[in-house]
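One structure below.
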Amino acid sequence: MDRIALIAQREPDSSLRILRGAIWVYFILLIFEGALRKWILPGFATPLLIVRDPIAIYILLYALVKKVWIPGKYVLIAWILILLSFIVTLVAGHGNIYVGLYGLRIMMFHFPLIFIIGSILSKRDVHQILKVLLYFSLGMTVLVGLQFFSPQSAWVNRGIGADITGSGFSGAAGFYRVPGTFSFTNGLSLFYGWVVATLVYYWGFEKNEISSLILWIATVSFVIALPMLISRTVVFETVISFLFFILVSRKGVNSILKLLLAFLAIYFLFLLGQNFPFFQTATNALTSRFENANRSEGGIEGTFLNRFLGGMYSAISDPDAGFLGLGLGIGSNAGAQLLSGRRTFLVSEEEWGRLIGESGILIGISLIFLRVTLLIDLLLQSWKAHFKKRNSLAWMMLSFGFIVMIQGQWSQPTSLGFAVLIGGIILASLKKY
């Protein structure tokens, strides 16, 4: 694992408080950036797309100046690769320095935050963030309900820049997939994916760490929200979280019983929900979403291979991917807007295809290998932490983080933010305190 520097004893507590405060700001902005762009400051919607970038740069520079963190092998390799790709972008790629800088910032400024967050936060800090996440989920479910049953012209459904055409995305049964406080629906899916991993962790391992009342309310809130999300991604993430739980619980009868009770509780809540018209309507929309997707993508197998594996094999085997690539940033919607005047995917919608399309075969595959290696490292450390130290927090956080970290669309700021934050939280969760 990337060795994080020990905090020097001479460093004042104020330095650590400042960094922790900045990390909290990063977290809050991740959740409410879309609200700023849609409802509060719609006139600044475009610059607010990268509202967390100044925070990321500040955290990075402050940690370096105060010497509370030293870049390790993962960060140094990432910096070398991305700087080489930036040079190639200007010399042999699209040549637009602004688009290139937009692509550069991902690995240059945000990626190191994974290790800084892991170094600065304590396990107690992680629990505080997770509890706040569950509190946020209560209000988010109320907002989701309002958006789901309101017309796209309603204020709660305003799009980016107060767009009156609405922020909903194609759903099913006449209903839209809603974004909550986020700019796009992917943010809401990631939010609830993190929520369910947190719920499974507290129910399965550390129920005493949190108020039972809040845990029950958050669980019921999630069950109510699930059908209204019309999201296969959240359903998939829920299954993954339970699978991660099963993998580390196979030696404990009590844990298995807890899992069975959790399944029965969720099943009971769904049965209870069918007595309410709003829940029936949402459930029918989610069912229709799955049926329509299965028909268009070739069933569950096609859905899994094409959607959740992200076209990984095709990205590597694509004969059209040039050796040098087309240039950093061109694979993002923002970069496409600057280069072509329209928001589209000029390279690939899948993450691995974007990396190779932007940076070329050699550097692109190297960046992919870097992320895969980091993920394997986190898997091994989290596994050992559970069985050797009885610390399951990192393992359960990884149940949400491993997909967004290995093939999440980092060119999209919200997806990048979740990957960075959960990566740092996984590292911090490995600590004893």
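What translational diffusion coefficient, to the nearest whole µm²/s, does segment 111-171 have by Stokes-Einstein, given a Kirkwood radius computed over alpha-carbon pairs, a temperature of 4 °C and 1.567 mPa s viscosity?
90 µm²/s
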Cα extents of segment 39-94 per principal axis, largest first, Å, are 41, 38, 15
Label model pair Leu16, Leu243: point-to-point distance (7 angstrom along the Cα→beta-carbon line) in nm is 3.8 nm
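Ranked from highest to lowest mean number of other Cβ atoms within 10 Å per residue, what is the order of the peptides 71-79, 411-419?
411-419, 71-79
State, to one decimal in nm², a quarter of the convex hull surface area for the C-alpha atoms of segment 106-208, i.e. the direction-averaged projected area.
8.9 nm²
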Share of Cα-Cα pairs in segment 358-408 beyond 19 Å, whole percent, is 35 percent
For segment 25-177, the Cα-Cα pair-distance distribution in 5 Å bins from 0, as whole percents, is 2, 8, 12, 14, 15, 15, 13, 11, 8, 3, 0, 0
Each label sits 7 Å from Cα toward the beta-carbon; between Gln128 and Leu380 the label points are separated, in nm, by 3.3 nm
Dimensionless Rg/Rh of segment 63-124, both radii on Cα and Rh by Kirkwood, sits at 1.10
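Any read-out appearing in this document is the output of simple, stated calculations on the displayed coordinates, not a laboratory observation. Computed from a predicted structure; not experimentally measured. Cβ atoms come from the backbone with ideal geometry, glycine included; neighbour counts cover every protein chain shown.
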